[in-house]
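S.K.: Encoded as structure tokens, here's the structure I'll be asking about.
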Amino acid sequence: MRRRSLLIAVPAGLATLAACGDDKSDSSKASDSPSPSASAPSSAPPPKIVDGPLPAVTAGTKFDEKPTVAKGSGEPSKQLAVKTLIAGSGKAVAENDFVVANYLGQVWNTAKVFDNSYDRKARLAIQLTQGRIIDGWRYALAGKKAGSRVEMAVPPTWGYGSQGNPQAGIKGTDTLVFVVDVQDTFNATSSAKGEEVPQENADLPKVGTNTDGKAPSIEVPEATAPKKLVAEYVLEGDGEKVAAEDSVLVQYKGVLWDGGKEFDSSYANKQLVSFSLQQVVKGWAQGLTGKKVGSRVLIVIPPKLGYGDNPPQGSGIKKDSTLVFSVDILAKL
């Protein structure tokens, strides 16, 4: 397993983070969900993609509406049945992308809904890579475009296998029906695409404005670190504003004010990060609240809103360090 981001690698007893001792991965929203996340890598061969059979969507037929799906009729296919109900025009989904989606899942022969994101009012961000999501999603969504609604019927071979998923009430013989509204798709080279905002304060770090998926530069000035939190746009997007209770999907880079040394970066890890603003240090939570999706934000975090005198072991962060971040807000979940 890849190492967790320092943002949610919580030192025991540190009061600035909510989920003390939490051992979940960065994509905690994905791993908390009982339906599409995979419990173990699958060794099943690729399925044949077929057109059906698939049960009808009888209500909630518009994109991003909670669907009502009929009970499956007769025997489901032993292969992976996939149908695009609404064709989007956005970027195509590729293997290893992070897909942001709303979805509903139910059992073929009972129509029992075992999970849906619509009622939670929280979109899922999950990576389409083996071992992190069931194979049915990987194969069914590959090549689909953002803005699409996709229905699929996933037999056990490309779902949860013969063990099923007892937590969700799924038996090892159950074929699963999903309706997925693909909101967007991102990968390790995704960047914010907002309008450039002048960086005129010479006493603050200057952040690069490149949008090529590479890590932006962060130039820390030879000045005294600010005592209060700084959170300013570098690129201002035009998306929704992030609320304090939201979760986000981001690219980020963190350096120390003293010396400018990088200590953590999603770019270096080649891995996007998703998390709840209630899981992270106060400086991140306060700095991103109110900012727009699609933006790059400079955040300067004084020790009292960061790690204070209890930095994560092995992080290279000294006690009472001021932290400097460039954060690209890719999506609100």
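S.K.: Filter the range 170-186 down to the residues that are of a type outside the set (A, V, I, L, M), more than 21 Å from ASP328 (Cα to Cα) and open to solvent by less than 40 Å² (accessible area, probe 1.4 Å) and list them by number. It would help to see each step written out before you state the result.
M.R.: Our first condition is that a residue be of a type outside the set (A, V, I, L, M); within the range 170-186, this holds for 171-175, 178, 181, 183-186.
Now narrow it down to the ones that are more than 21 Å from ASP328 (Cα to Cα): 171-175, 178, 181.
Listed by number, the residues that qualify are GLY172, ASP174, THR175, PHE178, ASP181.
S.K.: Picking from VAL99, VAL82, VAL69, VAL93, which residue would you name as being touching a residue at least 12 places away in the same chain (Cβ under 8 Å), touching a Leu at 6+ places or on another chain (Cβ under 9 Å), open to solvent by less than 60 Å² (accessible area, probe 1.4 Å) and farther than 18 Å from ILE133 by Cα? Can you show your working first?
M.R.: On the way: VAL99 fails: farther than 18 Å from ILE133 by Cα; VAL82 fails: farther than 18 Å from ILE133 by Cα; VAL93 fails: farther than 18 Å from ILE133 by Cα.
Answer to the check: VAL69.
S.K.: How about the range 128-139: which of its residues are under 19 Å from ALA81 (Cα atoms) and open to solvent by 30 Å² or more (accessible area, probe 1.4 Å)?
M.R.: Of all residues in the range 128-139, those under 19 Å from ALA81 (Cα atoms) come to 128, 133-139.
TYR139, the sole residue that qualifies.
S.K.: Of all the residues that make up the range 262-281, how many are open to solvent by 20 Å² or more (accessible area, probe 1.4 Å), outside any strand (DSSP E or B) and either modelled with pLDDT of 95 or more or of a type outside the set (D, E, K, R) (or both)?
M.R.: Looking only at that region, the number is 6.
S.K.: Exactly one condition in (1) closer than 26 Å to GLY74 by Cβ; (2) touching an Asp or Glu at 6+ places or on another chain (Cβ under 7 Å); (3) not charged (D, E, K, R) is false for ALA192; which is it?
M.R.: (1)
S.K.: Additional query: Of these, GLY72, GLY90, GLY60, which one is modelled with pLDDT of 95 or more, within 17 Å of LEU176 (Cα to Cα) and of a type outside the set (A, V, I, L, M, F, W, C)? Spell out the reasoning first.
M.R.: Working: GLY90 fails: within 17 Å of LEU176 (Cα to Cα); GLY60 fails: within 17 Å of LEU176 (Cα to Cα).
The conditions single out GLY72.
S.K.: Do any residues in the range 188-209 that are farther than 13 Å from GLU232 by Cα have Cβ atoms under 6 Å from those of residues that are buried (at least 16 other Cβ atoms within 10 Å of the Cβ) and modelled with pLDDT under 95, where the two are at least six apart or on different chains, and which pairs are they?
M.R.: Nothing qualifies.
S.K.: Can you tell me which residues in the range 211-252 are more than 22 Å from the chain's Cα centre (by Cα) and in a loop (DSSP other than H, G, I, E, B)?
M.R.: Residues satisfying the conditions are SER217, VAL220, PRO221, GLU222, ALA223, THR224, ALA225, PRO226, LYS227, LYS228, LEU229.
S.K.: Which of the residues spanning the range 140-158 are open to solvent by less than 20 Å² (accessible area, probe 1.4 Å) and either at pLDDT below 95 or assigned to a loop (DSSP other than H, G, I, E, B) (or both)? Break it down stepwise before answering.
M.R.: Step one: filter the range 140-158 for residues open to solvent by less than 20 Å² (accessible area, probe 1.4 Å), giving 140-141, 146, 148-155, 158.
ALA146, SER148, PRO155 - these are the residues of the range 140-158 that are open to solvent by less than 20 Å² (accessible area, probe 1.4 Å) and either at pLDDT below 95 or assigned to a loop (DSSP other than H, G, I, E, B) (or both).
S.K.: I'm checking my understanding of the structure. Among residues of the range 283-333 that are in a strand (DSSP E or B) and of a type in the set (Gly, Ala, Ser), which one is nearest to the chain's Cα centre (by Cα)? Walk me through it before giving the result.
M.R.: The initial filter retains those residues of the range 283-333 that are in a strand (DSSP E or B), namely 292, 296-301, 323-332.
Subset that is of a type in the set (Gly, Ala, Ser): 326, 331.
Working: SER326: 18, ALA331: 8 Å.
By that ranking, first place goes to ALA331.
S.K.: A further question follows. As an exercise: evaluate ALA125 against (1) surrounded by fewer than 17 Cβ atoms within 10 Å (Cβ to Cβ); (2) modelled with pLDDT under 95; (3) closer than 24 Å to LYS270 by Cα and give the number of the one condition it does not meet.
M.R.: The failed condition is (1).
Per-residue answers, yes or no, for (1) closer than 30 Å to TYR252 by Cα; (2) under 22 Å from the mean Cα position of the chain (by Cα):
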{"residue": "LEU141", "(1), (2)": "yes, yes"}
{"residue": "LYS145", "(1), (2)": "yes, yes"}
{"residue": "VAL154", "(1), (2)": "no, no"}
{"residue": "GLY159", "(1), (2)": "no, yes"}
{"residue": "LYS171", "(1), (2)": "no, no"}
{"residue": "ASP174", "(1), (2)": "no, no"}
{"residue": "THR189", "(1), (2)": "yes, yes"}
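S.K.: Does the range 187-196 include one or more residues that are surrounded by 14 or more Cβ atoms within 10 Å (Cβ to Cβ) and among the β-branched types (Val, Ile, Thr)? Please lay out each step first, then the result.
M.R.: If we filter the range 187-196 for residues that are surrounded by 14 or more Cβ atoms within 10 Å (Cβ to Cβ), which is where we start, we get 187-188, 190-194.
The next check asks that each one be among the β-branched types (Val, Ile, Thr); those that pass are none.
No.
S.K.: Let me ask something else. Of the residues that make up the range 224-237, is at least one surrounded by fewer than 20 Cβ atoms within 10 Å (Cβ to Cβ), more than 22 Å from GLY306 (Cα to Cα) and not hydroxyl-bearing (Ser, Thr, Tyr)?
M.R.: Looking for residues that are surrounded by fewer than 20 Cβ atoms within 10 Å (Cβ to Cβ), more than 22 Å from GLY306 (Cα to Cα) and not hydroxyl-bearing (Ser, Thr, Tyr), one finds at least one in the range 224-237, hence yes.
S.K.: Which residue, of ALA101, ALA94, ALA81, is of a type in the set (A, V, I, L, M, F, W, C) and part of a loop (DSSP other than H, G, I, E, B)?
M.R.: ALA94
S.K.: So is VAL293 modelled with pLDDT of 95 or more, under 14 Å from GLU232 (Cβ atoms) and among the β-branched types (Val, Ile, Thr) or not?
M.R.: Details: modelled with pLDDT of 95 or more: yes; under 14 Å from GLU232 (Cβ atoms): no; among the β-branched types (Val, Ile, Thr): yes.
Against the criterion (modelled with pLDDT of 95 or more, under 14 Å from GLU232 (Cβ atoms) and among the β-branched types (Val, Ile, Thr)), VAL293 does not qualify.
S.K.: Still on this structure: Just wondering, is there one or more residues in the range 25-44 that are open to solvent by less than 30 Å² (accessible area, probe 1.4 Å), more than 30 Å from VAL248 (Cα to Cα) and at pLDDT 50 or above? Give the steps one after another, and end with the answer.
M.R.: From the range 25-44, those open to solvent by less than 30 Å² (accessible area, probe 1.4 Å) are 25-28, 30, 33-38, 44; that's our starting set.
Filter again for more than 30 Å from VAL248 (Cα to Cα), leaving 44.
Still in the list and also at pLDDT 50 or above: 44.
Yes: the range 25-44 contains one or more residues that are open to solvent by less than 30 Å² (accessible area, probe 1.4 Å), more than 30 Å from VAL248 (Cα to Cα) and at pLDDT 50 or above.
S.K.: Shifting gears a bit: How many residues, within the range 276-296, are touching a Phe, Trp or Tyr at 6+ places or on another chain (Cβ under 9 Å) and hydrophobic (A, V, I, L, M, F, W, C)?
M.R.: Of all residues in the range 276-296, those touching a Phe, Trp or Tyr at 6+ places or on another chain (Cβ under 9 Å) come to 277, 281, 283-284, 287, 291-292, 295-296.
Still in the running and hydrophobic (A, V, I, L, M, F, W, C): 277, 281, 284.
Residues flagged as touching a Phe, Trp or Tyr at 6+ places or on another chain (Cβ under 9 Å) and hydrophobic (A, V, I, L, M, F, W, C) within the range 276-296 amount to 3.
The values are calculated or read from the model by the stated rules, or taken from the named source; none is laboratory data. Computed from a prediction, not measured in an experiment: that's the story for all the values here. With ideal geometry, Cβ positions are generated from the backbone for all residues, glycine too; neighbour counts draw on all protein chains shown. Surface areas here come from the heavy atoms of the whole protein model, side chains and all, with no ligands, DNA or RNA. Shrake-Rupley method; radii C 1.70, N 1.55, O 1.52, S 1.80 Å.
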